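See structure below.
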Amino acid sequence: MDEQDFVVLDLERHKTKDIHDSHINGELTVVWRNYDNIIKDPQMVYVNSVNPGEMKGPHIHKKRTSYFLCIHGKMLLVIKDKNGKYHEIETDSADPKLVSVSNGVAAAIFNPSNSISKILVMADISWKANDNEMYNTEFDDYDWKKWKK
């Protein structure tokens, strides 16, 4: 993957079939494979829950690149690139997209829905308590009111 502030990737999806009569019983979404060259050996994988109408961030990781996938509910990822431009990526569990946010780039996760959202997060560097790898920032000139119901 090229060095960019952020990247949005459509994920590979496959229908799954019942072993007895081959009817479609669900779907498999490929998030990471070691040969895809999307994420170079993730060092940490976790699930981030975001309550309805709540925001996490914005903050900046100094060294870590993070990869976000909404696995339940809805997610709005607001990214402020290094040139100061805002980007809004809306996604949900029905239309999975993997969003990569490079280190040094400010981002916030907002849950625009009425139920808890769960975000699968993968990172190329593991988080450690008190490692001072992240710092909070503000999106003072961003209009959050447009997402509040």
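A short reminder: the numbers here are calculations on the coordinates, not readings from a lab. Not measured: the values here are computed from a predicted model. Neighbour counts run over all protein chains shown; Cβ positions are idealised from the backbone, glycine included.
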Discussion item. Pick from LYS63, LYS128, LYS40 the residue whose mean-square fluctuation is largest in a GNM of the chain, springs joining Cα atoms under 10 Å.
Written reply: LYS128
Worksheet item: Do any of LYS17/LYS80; LYS40/LYS85; LYS82/LYS148; LYS15/LYS128; LYS128/LYS148 go past 31 Å between their Cα atoms, and which?
Response: LYS17/LYS80; LYS15/LYS128; LYS128/LYS148
Item to complete: Determine Rg/Rh for the stretch 89-149; Rg is computed over alpha-carbon atoms and Rh is the Kirkwood hydrodynamic estimate from the same atoms.
Response: 0.97
Worksheet entry | Efficiency of FRET from Cβ geometry, VAL8 and LEU28, R₀ 22 Å, rounded to 0.05 | 0.60
Response to the item:
For the chain, percent of DSSP beta bridges that are antiparallel (nearest 5) comes out at 100
Worksheet item: Can you give the alpha-carbon Rg of the chain over 2.2 N^0.38 Å, where N counts its residues?
Response: 1.11
Worksheet item: Under a plain spin-label model, where a point goes 7 Å from the Cα along Cα-to-Cβ, how far apart in nm are TYR35 and VAL47?
Response: 3.0
Worksheet, complete the sentence: In vacuo Debye sum over C-alpha of the stretch 1-60, base-10 log of normalised intensity I(q)/I(0) at q = 0.12, 0.20 Å⁻¹, listed in q order, is -0.56, -1.06
Discussion item. List the lysines whose Cα sits under 16 Å from the Cα of LYS97, skipping any in the same chain fewer than 8 residues away.
Written reply: LYS74, LYS118
